[in-house]
1. VAL35 fails exactly one of the following numbered conditions: (1) modelled with pLDDT of 95 or more; (2) under 10 Å from the mean Cα position of the chain (by Cα). What is the number of that condition?
2. With the requirement that a residue be charged (D, E, K, R), surrounded by fewer than 13 Cβ atoms within 10 Å (Cβ to Cβ) and under 15 Å from CYS9 (Cβ atoms), what does the stretch 20-33 give you?
3. Name the residue that is nearest to VAL4 (Cα to Cα), counting only residues in the stretch 42-51 that are part of a loop (DSSP other than H, G, I, E, B) and out of contact with any strand residue (DSSP E or B) (no Cβ under 9 Å at 6 or more places or on another chain).
4. For the stretch 16-38, how many residues meet the condition of being more than 11 Å from PRO2 (Cβ to Cβ), in a loop (DSSP other than H, G, I, E, B) and not charged (D, E, K, R)?
5. When the stretch 52-65 is examined, which residues are found to be surrounded by 13 or more Cβ atoms within 10 Å (Cβ to Cβ) and either modelled with pLDDT under 95 or part of a loop (DSSP other than H, G, I, E, B) (or both)?
Amino acid sequence: MPYVVTDECILCGVCVIGCPSEAITEGEIKCFIDVSLCIECGTCAENCVSEAIIFVEEEINETKE
Ligand code: SF4
Ligand code: SF4
């Protein structure tokens, strides 16, 4: 999961439009990247207005809830 959307996302929709493989969908609080569709082009990370999309080298072990 190299590209992830952080909580900095303001749901502006720029990344959704810019993604060449339609890998990004808007959620209720932030966008999500479908890793099975993502071709890791990096466009979303470059275009993000609030630097919410980051590239991570390895999977983050994050516990939710
Ligand atoms: S890296 Fe490219 S293909 Fe993957 S979600 Fe971002 S814009 Fe889409
Ligand atoms: S470009 Fe950035 S702030 Fe805008 S919707 Fe995408 S992840 Fe969120």
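1. Here VAL35 clears every test but (1).
2. Scanning the stretch 20-33 gives a single hit, GLU28.
3. Ranking the candidates gives GLU51 first.
4. Result for the stretch 16-38: 8.
5. ALA52
The values are calculated or read from the model by the stated rules, or taken from the named source; none is laboratory data. Here the structure is a predicted model, which means the values were calculated and not measured. Reconstructed Cβ throughout: ideal geometry from the backbone, glycine too, with neighbour counts over all protein chains shown.
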